[in-house]
């Protein structure tokens, strides 16, 4: 048995890169899909609308832990081949991100007054131009605080990847705790690192929200 | 694809037990969390800066760290303070504290949504302090926050799956147990996801029904 040393802490900081990797993958893949979800949900096409709604309901009705397990054990079943844990975890986080960002952005799009898109149409803009230059910039501003808030949720939720064995921050904490028999120090360090990452984002989201309410 | 769900039928009772425990955990966390939230919201405009700071720190620490780590901290660390809680109790405490931090914010926004003039109007009508609190502040505020409270309860139902990581015997833990017996990993987790989904849908329906019955007085906008 050995004590908890500074090098354990450094190992945890090193593991943050995997937390960051997961977050970046989820945003890079889930972001565009989320935009697609938002546009499906705010489109007039009933079929697209229903498909997006069903996906949203399922993602919001199943624990993220369950989704992770579903894809972790499901990918080999669907594809017939073994895939690395990182791939199945990324798939789960991508779907999770797409559904939630899609819902947040839909809210942003629908909060822009309908007059705005009518005005865009009157100016002879096509529907896409109207969305791109009139609706989207305003919707972006409205949805930004919630988007940052979701980012915080996503960062915290990547800790669940530890359960399928990915060595990100939370898993590094577990390993350190098991090796040193110092769970208090180990988990307190992990919590402190998460806090140091998430707290500034939360504050930023709050200040964005305040600004938004002043403008409106 | 080679799927086999038949083997799972034998573990019906285990699944039922898991569902019960999950619902119980959710109930405990909801009730305890809402009590913490109400107390925290009322105290957060206390005149003592120390009290305000304590509540602020509690809310920020819980909201900015993962629930999984909170559960680990409570389960593995409390024994060092001489308090050895069994998994279920430790998970209940952790989830209640988690729920509490979010409900402090929800209740605060609810209280902030009541204009001061409305409270003064209640006092002018000769209501007692308690009556003002109950009829003029609490009920209208509750209606304003009802949707966010309902979705928070659903989040805590889903979040209770984390309790399986300290081996509290809720639904997700049942899944791990059945998986270890049958080696039907994918089927087990597919079924468990479906059960969670049904629970969440039913809960949403119940919340929608309650909203219709409990808050049906007319509003003027």
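Taking the Kirkwood radius as Rh and the Cα radius of gyration as Rg, the stretch A:102-158 has a ratio of Rg/Rh equal to 1.13.
Ranked for footprinting exposure by Cβ neighbours inside 10 Å, fewest first, A:204, A:128 give A:128, A:204. Sorted into 5 angstrom bins from 0, the C-alpha pair distances of the stretch A:23-67 split as 5, 21, 22, 24, 19, 7, 2 percent. Each stretch of four or more DSSP H residues adds -39500 (n - 2.57); spread over every residue of chain B, this sum gives -24000 deg cm²/dmol at 222 nm. The tail of the calculated P(r) for chain A, taken as Cα-Cα distances beyond 26 Å, holds 47 percent of the pairs. Convex hull of alpha carbon positions in the protein assembly as shown: directionally averaged projected area 25.9 nm². Using the Cβ-Cβ distance between residue A:118 and residue B:201 with R0 set to 51 Å, the FRET efficiency from 1/(1 + (r/R0)^6) comes to roughly 0.90.
Stokes-Einstein, applied to the Kirkwood radius of the stretch A:1-75 over Cα pairs at a viscosity of 1.306 mPa s and 10 °C, places its translational diffusion at 102 µm² s⁻¹. Our summary of shape: the Cα atoms of the stretch B:131-194 have principal axis extents of 59, 21, 12 Å, ordered from largest down, in whole angstrom. Remark: spin-label model distance residue A:82-residue A:140 equals 4.5 nm, labels positioned 7 Å along the Cα→Cβ axis. So, R0 is 56 Å and r is the distance between the beta-carbons of residue B:4 and residue A:5; what FRET efficiency does that work out to, to 0.05? That pair, residue B:4 with residue A:5, gives E of 0.70. Calculate log10 I(q)/I(0) of the stretch B:99-173 for q = 0.11, 0.24, 0.26 Å⁻¹, where I(q) comes from the Debye formula with a single equal point scatterer on each Cα and nothing for solvent. Once normalised to I(0) and log-transformed, intensities are -0.43, -1.01, -1.09.
The per residue volume of the convex hull around the alpha-carbon atoms of chain B is 167 Å³. The ranking of B:45, B:169, B:13 from fewest to most other beta carbons within 10 Å of each one's beta carbon is B:13, B:45, B:169.
Helix-only mean residue ellipticity at 222 nm, chain A, DSSP H runs n ≥ 4 weighted -39,500 (n - 2.57), per residue, nearest 500. What is it? Before the final figure, lay out each step's value.
Values: 8 runs with 171 residues, N = 216.
About -27500 deg cm²/dmol.
Can you give me the convex hull volume of the Cα atoms of the stretch B:8-109, divided per residue and expressed in Å³?
Spread over its residues, the Cα hull of the stretch B:8-109 gives 119 Å³ apiece.
Cβ crowding within 10 Å ranks A:114, A:83, A:164 as A:114, A:83, A:164, fewest other Cβ atoms first. Note on residue A:54 and residue B:120: the model spin-label points, each 7 Å out from Cα along the C-beta direction, lie 5.6 nm apart. Ordered from longest to shortest, the equivalent ellipsoid semi-axes for the stretch B:58-125 are 37, 13, 8 Å, each the square root of 5 times a Cα gyration tensor eigenvalue.
Note on B:72-82: average number of Cβ atoms from other chains within 10 Å of each residue's Cβ is 4. Against the main long axis of the alpha-carbon atoms of chain B, helix B:87-112 sits at an angle near 30°. Over the alpha-carbon set of the stretch B:94-221, divide Rg by the Kirkwood Rh and report the Rg/Rh ratio to two decimals. On the Cα set of the stretch B:94-221, Rg over Rh gives 1.16. Mean sequence separation of contacting Cα pairs (under 8 Å, at least six apart), scaled by the length of chain B, corresponds to a relative contact order of 29 percent. Dividing the Cα radius of gyration of the stretch A:61-178 by its Kirkwood radius returns 1.17 for Rg/Rh. The mean count of C-beta atoms from other chains within 10 Å of the C-beta of residues in A:175-182, rounded to a whole number, is 1. Shielding value for A:196-205 is 2, the average number of Cβ atoms from other chains within 10 Å of each residue's Cβ. Grouping the Cα pair distances of the stretch A:120-216 into 10 Å bins from zero gives a pair-distance distribution of 14, 28, 22, 17, 12, 5, 1 percent in increasing distance order.
Only the coordinates and a few stated rules stand behind these numbers; no lab work does. In this text the structure is predicted, and so the values were computed from the model without any measurement. Note: ideal-geometry Cβ built from the backbone for every residue, glycine included; neighbour counts use all protein chains shown.
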